[in-house]
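Have a look at the structure below, then the notes.
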Amino acid sequence: MSLASLPLTWQGWIAAFQSPLHDRLAWRLEPMMLGVIMAKGRRTVSSWLRAAGLRIGWEDFYYFLAPVGKACEAMAMLLLRLLVKNLLPAGPLVFGIDDTPTKRYGPKVEGAGLHHNPTPEPAGQKLLYGHLWVTLAWIVRHPLWGAIGLPVLARLYVRLADVKKLPRRWPFHTKLELAKQLVLWTIKVLAFLGRPLWFVTDGAYAKRPFLQVARQQPGVVIISRLRRDAALYTVPKPVPVAQRGRGRPRTYGKQRISLVKRAGHKRGWQQVTCRQYGKEVVKEIKTFEATYKPAAGRIRVVVVKEAHGWLPYFSTDPAMPATTILEQVADRGVLEQDFHDLKEVEGTGQQQVRNIWANVGAFHLTMWAHCLTELWAWFQPREALCDRSDSPWDDPQRRPSHADRRKALQRSCLAEEFSHLERRQPVASEIRRFVAGLIHQAA
């Protein structure tokens with residue numbers, strides 16, 4: 001028996017995106033999500049089951065992860081539409097794409113291999129053994145808390161050397177191809193809205209196989225960082241029809257543009273005001289149009305001065321204002337915060353399952369728990385998320401972290417179960433106060 005139960009809103013949301021699962025399995029999603037939310041300590045699958053009180057038939061819940069992994073794309077489609085229905089903002093919809101590794105242990109973990117370690121720690125390990133996930137997150141701005149990332153779908157990247165070791169068929173795709181698949185999937189899922197879609201990525205994805213999707217799909221814009229030695233060319237001058245020769249007009253200019261020389265020149269800098277990381281800032285920039293072969297045409301380039309030097313960014317929409325590019329690049333930072341919260345708060349990657357589809361299912365369950373926690377907290381009053389009365393040294397105006405939101409949800413789940421007991425039999429006020437104190441201590 002569990003000591004908590006999910007709020008009614010959560011139950012409705014889970015019912016809305018569990019339909020791709022078979023009817024014999026779909027009912028397991030709600031108790032499993034409760035376990036993901038309420039688990040303490042190391043977030044293994046067994047800790048999920050203990051937190052949800054799933055002691056009878058626990059083996060079936062282990063096997064449940066693989067069907068979730070196989071149906072994750074269809075379930076993510078319904079979840080994204082659920083999020084859009086509840087949080088749809090005006091203007092373009094902005095998505096971030098990046099990859100993150102999760103450490104694993106043991107030689108028989110399917111799909112695991114050696115990947116670049118983004119956090120080498122004092123030991124200085126350049127590589128880590130585990131899985132690598134190319135992740136898509138919807139970036140949406142909260143009226144109080146600023147930009148928030150909602151990760152909805154991830155693709156597991158398996159190196160070609162590791163694909164050959166798998167006991168079952170698994171197609172090999174590069175990270176650029178997986179990112180392109182996520183873009184095409186998003187276009188398909190949200191086509192009914194008719195909204196422009198912007199995708200903000202790290203500079204590692206600013207390459208031809210990924211960038212050309214913006215030219216092939218109308219309404220898609222990609223914003224990213226440029227290499228300092230990027231092969232940029234001038235925009236060709238328009239030629240009157242009467243003076244054109246044979247063949248189509250030029251796409252790329254004849255003169256090469258050096259970003260290093262542009263950034264090193266003292267003239268041409270201008271100051272603009274934009275909103276980054278929740279506050280208004282003044283940036284010194286240079287902006288111009290250029291042609292870039294990997295992007296198959298014109299782009300808008302923005303060179304910005306930072307404390308540690310200059311950085312170049314670009315958009316595949318040459319008409320996009322420079323301030324918009326700078327703001328979207330700053331908002332992309334929420335993906336790094338998402339990865340931190342997924343690993344440190346939700347326990348992503350701590351589920352030591354070996355089957356490749358079970359790993360995919362476990363990763364998406366923690367990711368969806370993150371999404372639904374943020375969706376639930378979106379409509380909660382500030383006092384419910386920022387109660388720091390027991391921490392007078394803390395800043396009461398600080399934006400609530402994902403851990404704060406998760407703890408508020410845990411308190412709501414415990415209070416929900418107590419309210420069920422209270423409806424059956426009246427409870428004295430002293431007991432209610434005591435239980436409220438226990439709930440606050442427990443979460």
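The values are calculated or read from the model by the stated rules, or taken from the named source; none is laboratory data. Everything quoted here is computed from the prediction, not taken from an experiment. FYI the Cβ positions are ideal-geometry reconstructions off the backbone, even for glycines, and counts take in every protein chain you see. Areas reflect the complete protein model, heavy atoms only, side chains present, ligands, DNA and RNA absent. Shrake-Rupley method; radii C 1.70, N 1.55, O 1.52, S 1.80 Å.
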The distance between the Cα centres of segment 254-285 and segment 119-166, in whole Å, is 30 Å
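With an 8 Å cut-off on Cα pairs and a minimum separation of 6 or more residues, tell me the relative contact order of the chain in percent. Show your work: numbers first, answer last.
Working: 707 pairs, mean separation 81.5, N = 443.
Averaging sequence separation for qualifying contacts and normalising by length gives 18 percent for the chain.
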As straight-line cross-link partners of LYS188, the qualifying aspartates and glutamates (C-alpha separation under 18 Å, not fewer than 8 residues apart within one chain) are GLU73, GLU177
Accessible area per residue, Å², segment 177-304 with all protein chains present, probe 1.4 Å:
59 Å²
Share of Cα-Cα pairs in the chain beyond 41 Å, whole percent, is 24 percent
Quick one: angle between helix 29-38 and the longest Cα principal axis of the chain, in degrees between 0 and 90, rounded to 10, please.
90 degrees
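Return one whole number: the accessible area per residue of segment 20-116 in Å², for a 1.4 Å probe.
Values: 4380 Å² over 97 residues.
Solvent-accessible surface per residue comes out at 45 Å².
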Candidate aspartates and glutamates - alpha carbon under 15 Å from LYS85, same-chain residues fewer than 8 apart omitted:
GLU374
Burial-style ranking of 278-290, 190-202, average other-beta-carbon count within 10 Å with highest first, yields 190-202, 278-290
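Would you mind telling me the share, in percent, of accessible area of segment 36-110 contributed by carbon and sulfur at probe 1.4 angstrom? List each step's numbers first, then the result.
Numbers: 1910 of 3340 Å².
Of all accessible area on segment 36-110, carbon and sulfur atoms account for 57 percent.
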Karplus couplings for segment 85-96 from phi (6.51 cos²θ - 1.76 cosθ + 1.60, θ = phi - 60°), rounded to Hz, Gly and Pro as x?
4, 8, 10, 4, x, 7, x, x, 9, 10, 10, x
Give me the net charge of LEU128's neighbourhood, meaning all other residues with Cβ under 15 Å from the Cβ of LEU128; Lys, Arg count +1, Asp, Glu -1.
+2
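Kindly provide the helix-only [θ] at 222 nm of the chain, computed as the sum of -39,500 (n - 2.57) over DSSP H runs of four or more divided by all residues, to the nearest 500 deg cm²/dmol? Walk me through the numbers before you get to the answer.
Working: 17 runs with 179 residues, N = 443.
Calculated at 222 nm, the ellipticity per residue is -12000 deg cm²/dmol.
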When the accessible area of segment 163-227 is split by element with a 1.4 Å probe, what percent falls to carbon and sulfur?
53 percent
Longer than 31 Å from Cα to Cα, which of LYS165/LYS293; LYS70/LYS165; LYS40/LYS180 are they? Say none if no pair is.
LYS165/LYS293; LYS40/LYS180
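I want the local charge near CYS371. Using Cβ-Cβ distances under 14 Å, sum +1 for each Lys or Arg and -1 for each Asp or Glu among the other residues. Walk me through the intermediate numbers first.
Working: positive: ARG81, LYS85, ARG405, ARG406; negative: ASP338, ASP341, GLU346, GLU374.
Taking every other residue near CYS371 into account, the sum is 0.
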With Cα atoms, 0 to 90° folded angle of helix 175-189 axis to the chain main axis
70 degrees
Keeping the other protein chains in place, figure out the carbon and sulfur percent of the accessible area of segment 337-387, with a 1.4 Å probe.
50 percent
Listed residues GLN337, GLN181, GLN270, most fluctuating in the chain (Gaussian network, C-alpha, under 10 Å)
GLN270
